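Peer 1: Questions regarding the structure given below will be posed in turn.
The values are calculated or read from the model by the stated rules, or taken from the named source; none is laboratory data. Computed from a prediction, not measured in an experiment: that's the story for all the values here. Here the Cβ positions follow ideal geometry from the backbone for every residue, glycine too, while neighbour counts run over all protein chains shown. Accessible surface areas use protein heavy atoms only, side chains included; no ligands, DNA or RNA. Shrake-Rupley method; radii C 1.70, N 1.55, O 1.52, S 1.80 Å.
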Amino acid sequence: EWSPSDALRVREARAFDPLTGRIAVNYIYSYASGARHEYAASFRVYTFTELRDLLGRAVKLGGLRGDGRNTVLLFVSPTCPMCKKLLPIAKSILRSERAAAIVLASDGEEAEQRAFVQREGLEALPYVLSRELGMSYQVGKLPYAVLIDAEGVIRAKGLVNTREHFESLFEARDQGVGSLQDYLRAERA
């Protein structure tokens, strides 16, 4: 029988995986007798965010979804030609992938974003403006997508320049990897 309170020294190491939202904590307890006990724990960190879209509708990201659907958070920009090409593809894929909802995200001037929404016919989709949202998901280039499951866990993310890239998010989710690139790296190892 071991007790953490009797330990002479406790070593704790934490690691956060931004892809899965999990924190792994490892403890090593050392006792005067020379005995040592290791303990590991892992838990999910749910980042719940509620934003308002350009039409004032509440948009919830993270946490539990009552309808059991995945969410695709697609980062776009009015000045990104690839984003404009990808929007019809994304809508088509999401129609076939009925278990997913889409939320568009961007930053910048609201007037320019509203004109983009109107020009591209995106009024039916939630479209949020938040620089912090892009920073929190470490978005570097556009278009970028994050697949979040119904429990609020990030299942896949990455740059999505083509139909194949977009579909690879769902394939990565099905394979249990963060991206198909991760899967290929593991296969080569």
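Peer 1: From the list 172, 145, 115, 111, exactly one residue is at pLDDT below 90 and among the small types (Gly, Ala, Ser). Which is it?
Peer 2: On the way: 145 fails: at pLDDT below 90; 115 fails: at pLDDT below 90; 111 fails: at pLDDT below 90.
Just one listed residue meets the conditions, 172.
Peer 1: For segment 89-123: of the residues being assigned to a helix (DSSP H, G or I) and within 20 Å of residue 135 (Cβ to Cβ), which is least open to solvent (accessible area, probe 1.4 Å)? Let's see the steps before the verdict.
Peer 2: Our first condition is that a residue be assigned to a helix (DSSP H, G or I); within segment 89-123, this holds for 89-96, 110-120.
Checking which are within 20 Å of residue 135 (Cβ to Cβ) leaves us with 110, 112-113.
Working: 110: 87, 112: 80, 113: 2 Å².
Out of the qualifying residues, it is 113.
Peer 1: Among the numbered criteria (1) open to solvent by 60 Å² or more (accessible area, probe 1.4 Å); (2) under 20 Å from the mean Cα position of the chain (by Cα); (3) hydrophobic (A, V, I, L, M, F, W, C); (4) modelled with pLDDT of 70 or more, which single criterion is violated by residue 40?
Peer 2: Every condition holds for residue 40 apart from (2).
Peer 1: Between a residue in segment 110-135 that is farther than 22 Å from residue 94 by Cβ and any residue that is open to solvent by less than 20 Å² (accessible area, probe 1.4 Å), which pairs come within a Cβ distance under 8 Å, given they are 6 or more apart or on different chains?
Peer 2: 112/78; 115/78
Peer 1: Which residue out of 73, 61, 86 is surrounded by 17 or more Cβ atoms within 10 Å (Cβ to Cβ), modelled with pLDDT under 90, out of contact with any Gly (no Cβ under 6 Å at 6 or more places or on another chain) and within 22 Å of residue 154 (Cβ to Cβ)? First the steps, then the outcome.
Peer 2: Numbers: 73 fails: modelled with pLDDT under 90; 86 fails: modelled with pLDDT under 90.
Within the list 73, 61, 86, the selection yields 61.
Peer 1: Restricting to segment 43-56, and then to whatever is modelled with pLDDT of 80 or more and open to solvent by less than 70 Å² (accessible area, probe 1.4 Å), can you tell me which residue is farthest from residue 138 (Cα to Cα)?
Peer 2: Looking only at segment 43-56, we keep the residues that are modelled with pLDDT of 80 or more, and these are 50-56.
Still in the running and open to solvent by less than 70 Å² (accessible area, probe 1.4 Å): 51, 53-54, 56.
Numbers: 51: 18, 53: 21, 54: 22, 56: 25 Å.
Top of the filtered list is 56.
Peer 1: So, in segment 124-141, of the ones that are surrounded by fewer than 11 Cβ atoms within 10 Å (Cβ to Cβ) and of a type in the set (A, V, I, L, M), which residue ends up farthest from residue 156 (Cα to Cα)?
Peer 2: The extreme case among them is 124.
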